[in-house]
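Accompanying notes for the structure given below.
Every read-out reported here was derived from the displayed coordinates using simple, explicitly stated rules and does not represent laboratory data. Since the model is a prediction, treat every value here as computed from it, not as a measurement. Reconstructed Cβ throughout: ideal geometry from the backbone, glycine too, with neighbour counts over all protein chains shown.
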């Protein structure tokens, strides 16, 4: 526990230093960083690999690797964007047929997007599908502005909600997951969020199993290659930036057992998918041999009767960290850095020598 506290403190110092670097510029950032935390200027998020498997119903850890190491979430960020949207829907502050208006800021978001123009409108339900299936950055920002007024304020709401859910090492600075040095999370925190999405909103969670959707005559297909190919998979989300590598959070239900997996930092989508299949298949083999390893019961989004009263039980968490509310003049500060590509392009570029990243995923293909 003491080691984790030191890591969390160091992480907070790095984030404060990053704020100084971002707000004051290169000319003065060195001094600002040293003033805030002497070691901050020499620290950074190191490595990309992380993995975690948990019992979805209890939160019990079944496998972990670098689970509390700081990582960049990429489009896994949109899991929290959707959490706040589902929260607004549940509170009747917004409806599925409410029309969202695309602002200039939303329309300016880099790929992956729907190439929306300012003034266009879209229903909330279509926006949910666009975020889950297409991982559309312009749509994520439109949602953020509808709920938070501005994307910057929405990011503050995201971080505050993360802290309320027990995600003590996650800090949001945008609604999409586009490259930003302030956007930090851990595999452990993402598993907490995945559990809350499923159990807090069983009425909306099935959207995560959406394989495709159409908008203005164009059809879009999910990046989640486990859907329909790995038995029991019902979501959740993929993500990619150069800094994060290929990320994936998966939810699988088999025979009354719910397992959530997190894999971060894959060099290719295929490598990430194979690792997720390996971990999940191994977990269910262990569950088959020892059913008491995980909880068994009604799965709320599979059981309409249980859905109304679904409450996620708290998972063990460490001491809380303070919420850093950052209001910055420009979001996505490293978006224009040379070499940054979107998830579609990255998958295409990494197919060479890896086979088709969209080939069927089967348990028999897993690593031994």
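Things worth noting here:
- Between the alpha-carbon centres of the range 216-260 and the range 106-181 there is a gap of 19 Å.
- As a length-normalised measure over Cα pairs under 8 Å and 6 or more apart, the relative contact order of the range 60-207 settles at 30 percent.
- Ascending count of other beta-carbon atoms within 10 Å, so fewest first, for 216, 153, 173, 223: 216, 153, 223, 173
- Pair residue 231, residue 150: separation of 7 Å Cα→Cβ label points (nm): 5.2 nm
- Those residues of the range 80-118 whose amide nitrogen sits under 19 Å from the label point placed on residue 219, 7 Å along Cα→Cβ: 114
- Shape class of the range 60-144 from the Cα gyration tensor (axes a ≥ b ≥ c, square roots of the eigenvalues): oblate, since a/c reaches 1.5 or more and a/b does not exceed b/c.
- Residue exposure proxy: 111, 129, ordered by other Cβ atoms within 10 angstrom of their Cβ from fewest to most, comes out as 111, 129.
- Residue 101/residue 65 FRET efficiency (R0 56 Å; Cβ-Cβ; nearest 0.05): 0.85
- Taking each residue as 0.36 nm, the span from residue 160 to residue 296 lengthens on full extension beyond its C-alpha to C-alpha distance by 45.8 nm.
- Relative contact order (%) - the range 228-292, alpha-carbon pairs under 8 angstrom, separation at least six: 24 percent
- Stretch gain in nm, segment residue 92-residue 345, where the contour uses 0.36 nm per residue and the Cα spacing is subtracted: 87.3 nm
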